[in-house]
Amino acid sequence: MNTIRQITAEETYIVRQEVLRKGQPPESCRFDGDELPTTVHLGLFDNGMLAGIVTVLDHGNPVFGTGKAFQLRGMAVRTTHQMKGFGAALLSGAEAFVKTEGGTVVWFNARTTAVGFYEKAGYQKNGPAFEIGNVGPHYMMFKAIL
Ligand SMILES: CC(C)(COP(=O)(O)OP(=O)(O)OC[C@H]1O[C@@H](n2cnc3c(N)ncnc32)[C@H](O)[C@@H]1OP(=O)(O)O)[C@@H](O)C(=O)NCCC(=O)NCCS
């Protein structure tokens, strides 16, 4: 059985390190805005084990005008748990949270390798690919929340 619940920034670090920052120093797992009171970290637990994470920031973006936009960061599912629907469940959980907060747009910078995953969930690219240092090529992606 799996459940999604709010976790602390500290709880995300082990999965960020394992999936998103492999071989990089532990401080690379701390993201700007992690500790803001408006930031929410969600964890998906599979039979009690933390299997996936996502962070939701109340972070507007001029690209989306005056709409209330939320940014996702640090979406990661442990390699042993990938391709079981957990990533999709986390994304839905994040969108549900954004909706309760009155958000109108969800956006993020997606690794090019994950673009197909987000497209399946209805997200679209905005602009050309760009490089994020030490991580690789990304696209900005977004979706209107209705
Ligand atoms: C990308 C990631 C979050 C997806 O999570 P997941 O639990 O493996 O994905 P799901 O099982 O929920 O997949 C949902 C759908 O997306 C598809 N999908 C999953 N990963 C995909 C990918 N990288 N590219 C294209 N499609 C993908 C699945 O086949 C599935 O399709 P279906 O509904 O037709 O069966 C996860 O693989 C991951 O953590 N990857 C490494 C880190 C990463 O890239 N994070 C994103 C940073 S922006």
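The values are calculated or read from the model by the stated rules, or taken from the named source; none is laboratory data. For clarity, every value in this text was computed on a predicted model and none was experimentally measured. Ideal geometry is used to build each Cβ from the backbone, glycine not excepted, and the neighbour counts take in all protein chains shown. For the accessible areas, the whole protein counts, side chains as well, though only heavy atoms, and no ligand, DNA or RNA atoms are used. Shrake-Rupley method; radii C 1.70, N 1.55, O 1.52, S 1.80 Å.
Structure data summary
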{"item": "Boolean, residue 34 is within 13 Å of the chain's Cα centre (by Cα), more than 21 Å from residue 81 (Cβ to Cβ) and either modelled with pLDDT under 95 or open to solvent by 60 Å² or more (accessible area, probe 1.4 Å) (or both)", "result": "no"}
{"item": "Of the criteria (1) surrounded by fewer than 20 Cβ atoms within 10 Å (Cβ to Cβ); (2) touching a strand residue (DSSP E or B) at 6+ places or on another chain (Cβ under 9 Å); (3) within 23 Å of residue 9 (Cα to Cα); (4) hydrophobic (A, V, I, L, M, F, W, C), which one residue 49 fails", "result": "(2)"}
{"item": "Residue among 68, 120 that alone is more than 8 Å from the ligand (Cβ to nearest atom), touching a residue at least 12 places away in the same chain (Cβ under 8 Å) and of a type in the set (Lys, Arg)", "result": "68"}
{"item": "Residue in region 82-101 that is nearest to the ligand (Cβ to nearest atom), counting only those that are free of Cβ contacts under 8 Å to residues at least 40 places away in the same chain and open to solvent by less than 20 Å² (accessible area, probe 1.4 Å)", "result": "87"}
{"item": "Residues (assigned to a strand (DSSP E or B) and under 19 Å from residue 77 (Cβ atoms)) located in region 117-142", "result": "136, 138, 141"}
{"item": "Count of residues meeting criterion [under 20 Å from residue 127 (Cβ atoms) and open to solvent by less than 50 Å² (accessible area, probe 1.4 Å)] in region 66-81", "result": "6"}
{"item": "Qualifying residue in region 44-63 (condition: free of Cβ contacts under 8 Å to residues at least 40 places away in the same chain, within 15 Å of the ligand (Cβ to nearest atom) and hydroxyl-bearing (Ser, Thr, Tyr))", "result": "no"}
{"item": "Residue 140, sole failed condition from (1) touching a helix residue (DSSP H, G or I) at 6+ places or on another chain (Cβ under 6 Å); (2) within 16 Å of the ligand (Cβ to nearest atom)", "result": "(1)"}
